[in-house]
Amino acid sequence: MTESKVVDLLAVFPDLEPAANAIEHLRALGVHDECMNVISGIPVTEAMLGRPHQWTNVPRIAMGGALLGFGGGFFLAFISPYLYPYPVQVSTQAFIPGPPTVVVLFELTMLGMLISTFVGVFLDSFFPNYRPMKYVPEISDGKIAILVECPNADERKLRMP
């Protein structure tokens, strides 16, 4: 049985521009974006390095939470008044008043969206992560590292002169 060798290379760059050039060079050598991991102590967007945008499920999770919150608000505002018998109407006010209903619907919709967004970001970032992570002390000093973990890659071809 043949085992595929995984190439593990780490390159540390002092600035953003050489890191972006290295990513382009690695792409030209045939390394896919899934094999490259950018490690940085500062926030670096995909556009800064010329990498493809990474899609996330957080907006869909937030929309689902907003719909659940709206459903809870709808239940509290429109259905729960009919669950309790109220024999006599005391005043001319409507059984379901408008302004408090709007407030309840808005607040529970936002609460559902807030909670689901927090949970979605928490789960989407794979936190907590119990597998070993790569760390380079120079990253704390503001440098940028590129970790290449690619199976069946020619290590000599990927090394820079």
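All of the numbers you see were taken from the coordinates with simple rules; none came from a lab. What you are looking at is a predicted structure, and each value in this text was computed from that prediction instead of being measured. Neighbour counts are summed over all protein chains in view; Cβ atoms, including those assigned to glycine, are modelled from backbone coordinates with ideal geometry.
Quick notes on this one:
- Against the chain, whose longest principal axis comes from its Cα atoms, helix 98-124 is set at around 20 degrees.
- Placing a label point 7 Å from the Cα of Ile139 along the Cα-to-Cβ direction, the residues of the stretch 16-38 with a backbone N closer than 13 Å are 37-38.
- Inverse mean reciprocal Cα-Cα distance (Kirkwood Rh) of the stretch 30-78, Å: 14.4
- Along the axis of the charge dipole computed for the chain (Cβ charges of +1 for Lys and Arg, -1 for Asp and Glu, origin at the Cα centre), the listed residues Gly69, Phe13, Val121 are led at the positive end by Gly69.
- Computed lengthening from Glu17 to Phe106, 0.36 nm per intervening residue step minus Cα-Cα distance: 27.5 nm
- Take the Kirkwood radius over Cα pairs of the chain, plug it into Stokes-Einstein at 20 °C and 1.002 mPa s, and you get 104 µm²/s for translational diffusion.
- The calculated FRET efficiency for the pair Leu67 and Glu149, based on their C-beta separation and a Förster distance of 22 Å, comes to about 0.05.
- Val119/Phe78 FRET efficiency (R0 25 Å; Cβ-Cβ; nearest 0.05): 0.40
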